[in-house]
Amino acid sequence: MHKSSDRASRVRRGVPAVAIAVGALVTVGTVAAPADAASRSRFYVSGCGMPSSPVDVWKRVSNYKTVIALDGLRATNDESGWRHETNIHKLAGKGVNVVEPVGGLASFYTDWARKPGNKQKYKYSWTCRLNSLIRELDARGYSAGRWNKYAIMGISMGGNSALTYAAKHRKRISHAFSMSGYLNLSAPAMRESIKVALFDAGREAGRGPYNADDMWGPPWDKRWVDNDPFHLTGKMRGMKVRIAAATGAPGKYDVHAENSTKGAPLETASIAQTKAFQTQADRDRLKLSTDYQLQGTHAWGYWQEAVWRAHRAGWFRDRY
């Protein structure tokens, strides 16, 4: 489902062994900058029964919003795909602080039902981890804007997760943006496709296959509906929600035939899912902004452009 296109060009690095810790968040460094210029820093979030994970931040004191950017299915533990593959950190010089949590391979950024049956020694608790992250961002004064809330966005797996997390955390999230997300998990064969995707991502990363039953239970379990954006549109009413996808037709970023061949069907499926979500949103009177492109596959270059189009459209601002 999410084969190589959402991390196709990334140079993979080894995953360091990190002890599971419960407790403080530790800042490890900040890049100095002139007054009110954008600066970069990294801190670690601990707790939730998982190893500590890094968070990279680009910020400027005068910015009007902070966005949390979630990764795709093949997230690695060194840096976010957003940092590996895009220039969205430059938003920090144009009004929007950027927060990139690192890690989350095949996790859907959710709290799993149990530990996966592969080499991973802990249960994913990513909803808990994101809650901890937001508390730390609050403590650091990053909740910019008159609404005093955050934007959250993601690609592919992270697009699904961004909308789901937003719907369930309205007190701290005001904006949610899915790019090439799979937003109708109840559609025929989708749960089986997720199962195959998690199996493949874990195997490719060397951890061994992940089993989607360990995430939300078997396909008939209620948790699949509870984490399906298609069934959460009513809970997003009043938020700023944006969706983006392309047709799957090759464009300027499809320079390698293999990547285009794999990315095209993924994007074709995504746009069908995204439009189904839009139809459901219309039924539930959820106002959306949309970004459908005639060319584009499941690849980072197109997602980078989608973020900058959202910025030019004023979507990150605290206004309707």
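The values are calculated or read from the model by the stated rules, or taken from the named source; none is laboratory data. No experiment lies behind these values; they were computed from the predicted model shown. Neighbour counts run over all protein chains shown; Cβ positions are idealised from the backbone, glycine included. The protein model used for the area step is the full one, side chains on, heavy atoms only, and it has no ligands, DNA or RNA in it. Shrake-Rupley method; radii C 1.70, N 1.55, O 1.52, S 1.80 Å.
When the test is whether a residue is out of contact with any Phe, Trp or Tyr (no Cβ under 8 Å at 6 or more places or on another chain), among the β-branched types (V, I, T) and over 30 Å from V255 (Cα atoms), T290 does not pass it. Restricting the range 127-144 to residues that are assigned to a loop (DSSP other than H, G, I, E, B) and out of contact with any strand residue (DSSP E or B) (no Cβ under 7 Å at 6 or more places or on another chain), which is nearest to R207 (Cα to Cα)? Once the filter is applied, the top-ranked residue is R140.
When the range 204-213 is filtered for residues that are buried (at least 19 other Cβ atoms within 10 Å of the Cβ) and either modelled with pLDDT under 95 or part of a helix (DSSP H, G or I) (or both), only A205 remains. If the condition is being β-branched (V, I, T) and open to solvent by 20 Å² or more (accessible area, probe 1.4 Å), then the range 180-198 contributes only V196.
So in the range 90-126, with the set limited to residues that are part of a loop (DSSP other than H, G, I, E, B), touching a Ser or Thr at 6+ places or on another chain (Cβ under 7 Å) and free of Cβ contacts under 8 Å to residues at least 60 places away in the same chain, which one is farthest from F43 (Cα to Cα)? The extreme case among them is Y109. Across the range 81-103, the qualifying residues are those that are of a type outside the set (D, E) and open to solvent by 10 Å² or more (accessible area, probe 1.4 Å), and the one among them that is nearest to W300 (Cα to Cα) is T86.
Residues in the range 294-303 that are crowded, with 18+ Cβ neighbours inside 10 Å, not hydroxyl-bearing (S, T, Y) and not in a loop (DSSP other than H, G, I, E, B): how many? Here the count works out to 2. Yes or no: A281 among the small types (G, A, S), in contact with a Leu (Cβ under 6 Å, 6 or more places away or on another chain), buried (at least 20 other Cβ atoms within 10 Å of the Cβ) and part of a helix (DSSP H, G or I)? For A281, the condition - among the small types (G, A, S), in contact with a Leu (Cβ under 6 Å, 6 or more places away or on another chain), buried (at least 20 other Cβ atoms within 10 Å of the Cβ) and part of a helix (DSSP H, G or I) - is met.
From the list A167, A201, the lone residue that is crowded, with 24+ Cβ neighbours inside 10 Å, modelled with pLDDT of 95 or more, of a type outside the set (S, T, N, Q) and in contact with a Leu (Cβ under 9 Å, 6 or more places away or on another chain) is A201. For the range 41-68, the set of residues classified as open to solvent by 40 Å² or more (accessible area, probe 1.4 Å), in contact (Cβ under 8 Å) with a residue 60 or more places away in the chain and part of a strand (DSSP E or B) consists of K59 only. Total residues in the range 114-145 satisfying the condition of being out of contact with any Phe, Trp or Tyr (no Cβ under 6 Å at 6 or more places or on another chain), more than 23 Å from A38 (Cβ to Cβ) and surrounded by fewer than 23 Cβ atoms within 10 Å (Cβ to Cβ): the figure is 14. Return the residues of the range 162-203 that are out of contact with any Ser or Thr (no Cβ under 7 Å at 6 or more places or on another chain) and assigned to a loop (DSSP other than H, G, I, E, B); say none if nothing qualifies. Matches in the range 162-203: H169, R170, K171, R172, N184, L185, S186, A187, P188, A189.
Taking the conditions (1) acidic (D, E); (2) in contact with a Leu (Cβ under 6 Å, 6 or more places away or on another chain); (3) under 21 Å from N184 (Cα atoms) in turn, D111 satisfies each one other than (2). A single member of D111, D71, D78 is of a type in the set (D, E, K, R) and either closer than 21 Å to S143 by Cα or crowded, with 23+ Cβ neighbours inside 10 Å (or both), and it is D71.
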